[in-house]
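Visitor: Supplied in structure tokens, the structure appears directly below.
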Amino acid sequence: MAEHKKVRKAVFPVAGLGTRFLPATKAVPKEMLTVVDKPIIQYVVDEALEAGIEQFVFVTGRNKHIIEDYFDIHFELEQTLRERSKKAEMTLLAGQLPKAGTVSFTRQQEPLGLGHAVWCAREIVGHEPFALLLPDMIMKSEGKGCMKGMIDLYAQSGGNIIAVEECEPEQAHKYGIVGVGDAIGDGFRITDMVEKPAKGTAPSNFFINGRYILQPEVFKILETQERGAGNEIQLTDGMLKLLKDQDFAGYHFKGTTYDCGAKDGFILANVAFALERADIRPTVEEGFKALLKTL
């Protein structure tokens with residue numbers, strides 16, 4: 001197996017305005033909305049931690065200081081818990097934090113799209129491969145986490161990795177779709193990428209689900225990338241240019257992705273993760289069954 005430069009850093013683009021969740025996101029960042037009792041962003045960071053990520057780079061915007069506070073030590077709260085002998089709560093808070101000195105924040109001053117948000121992290125990432133995790137998407141995996149599986153595939157293939165899932169072929173026009181090449185590990189070589197292809201023209205039914213491992217050369221591409229769909233700098237456009245010079249592999253994620261940037265995905269995520277909690281499942285399950293009978 002070839003040696004590849006280790007993926008140590010992860011980028012989390014959290015500058016989005018969260019307009020689909022107004023009025024709540026007028027005051028609370030969408031990434032801090034809770035699925036059961038943890039903010040959405042905590043699930044995403046936990047996935048990166050499981051994969052062995054060592055440094056966490058958040059690309060923020062205005063009114064996102066709450067995220068910075070969340071990933072900091074809260075002295076007054078911890079002191080109160082200590083005085084009241086709330087050991088379980090103290091352990092819970094300690095477990096949510098990456099190690100001191102491993103979290104960085106940079107500002108995306110204009111909402112110019114995902115590609116621009118990634119480019120804003122260039123100075124902190126430097127010239128090394130990095131993981132990119134979209135903070136709206138949380139994964140419920142059947143085994144190891146999505147990013148952990150991607151790291152394992154990267155050890156085999158090197159290059160760039162994109163996590164993909166299968167959708168019904170007739171739904172492919174709703175997603176970013178990849179072309180499928182030769183098999184490799186738990187995935188395959190990517191031959192093409194198409195953003196929301198016209199019906200009947202998709203190269204496959206494998207859609208991009210919001211997790212990436214990218215080589216640093218993408219920053220140079222994004223620096224001069226013209227605006228695309230939505231008048232924004234699109235990451236997919238930059239990756240297509242990179243595909244001409246570097247290999248891309250698709251990691252076939254086995255599990256369920258919940259788009260918590262949309263109301264329906266957010267509600268479904270709360271249901272799914274609540275039913276996994278032994279402390280609340282009996283009550284929640286009973287309540288859901290009663291609600292279902294009314295449909």
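The values are calculated or read from the model by the stated rules, or taken from the named source; none is laboratory data. Every value quoted in this text rests on a predicted model; they were computed, and no experiment measured them. All Cβ positions, glycine included, derive from the backbone under ideal geometry; neighbour counts span all protein chains shown. The protein model used for the area step is the full one, side chains on, heavy atoms only, and it has no ligands, DNA or RNA in it. Shrake-Rupley method; radii C 1.70, N 1.55, O 1.52, S 1.80 Å.
Visitor: Can you tell me which residue in the range 14-29 is most open to solvent (accessible area, probe 1.4 Å), limited to those that are of a type outside the set (A, V, I, L, M, F, W, C) and either in contact with a Leu (Cβ under 6 Å, 6 or more places away or on another chain) or over 21 Å from Leu97 (Cβ atoms) (or both)?
Guide: Initially, the range 14-29 is screened for residues of a type outside the set (A, V, I, L, M, F, W, C), giving 16, 18-20, 23, 25-26, 29.
Narrowing the set further to residues that are either in contact with a Leu (Cβ under 6 Å, 6 or more places away or on another chain) or over 21 Å from Leu97 (Cβ atoms) (or both) leaves 16, 18-20, 23, 25-26.
Working: Gly16: 31, Gly18: 11, Thr19: 93, Arg20: 121, Pro23: 109, Thr25: 18, Lys26: 171 Å².
The residue in question is Lys26.
Visitor: Of the conditions (1) within 17 Å of the chain's Cα centre (by Cα); (2) surrounded by 15 or more Cβ atoms within 10 Å (Cβ to Cβ), Ala262 clears all except one; give me its number.
Guide: (2)
Visitor: Right, here's the next one. Answer yes if at least one residue in the range 39-60 is touching a Leu at 6+ places or on another chain (Cβ under 9 Å) and free of Cβ contacts under 8 Å to residues at least 12 places away in the same chain, and no otherwise.
Guide: The answer is no; no qualifying residue exists.
Visitor: Checking Tyr212 against (1) open to solvent by less than 60 Å² (accessible area, probe 1.4 Å); (2) of a type in the set (Ser, Thr, Tyr); (3) more than 24 Å from Asp136 (Cα to Cα), only one condition comes out false. Which one?
Guide: If we test Tyr212 against (1) open to solvent by less than 60 Å² (accessible area, probe 1.4 Å); (2) of a type in the set (Ser, Thr, Tyr); (3) more than 24 Å from Asp136 (Cα to Cα), just (3) comes out false.
Visitor: Which one is farthest from Ala163 (Cα to Cα), of the residues in the range 181-201 that are open to solvent by 70 Å² or more (accessible area, probe 1.4 Å) and among the β-branched types (Val, Ile, Thr)? Walk me through it before giving the result.
Guide: The first filter runs over the range 181-201 and keeps only residues open to solvent by 70 Å² or more (accessible area, probe 1.4 Å), leaving 182-183, 186, 189, 191, 195-196, 199-201.
Those still in the list that are among the β-branched types (Val, Ile, Thr) too: 191, 201.
On the way: Thr191: 14, Thr201: 21 Å.
If we take residues in the range 181-201 being open to solvent by 70 Å² or more (accessible area, probe 1.4 Å) and among the β-branched types (Val, Ile, Thr), then Thr201 is farthest from Ala163 (Cα to Cα).
Visitor: Right, next: Considering the range 159-181 alone, what residues qualify as being under 17 Å from the mean Cα position of the chain (by Cα) and assigned to a loop (DSSP other than H, G, I, E, B)? Let's see the steps before the verdict.
Guide: Here is the first cut: in the range 159-181, the residues under 17 Å from the mean Cα position of the chain (by Cα) are 160-165, 175-176.
Within the range 159-181, just Tyr175 meets the criteria.
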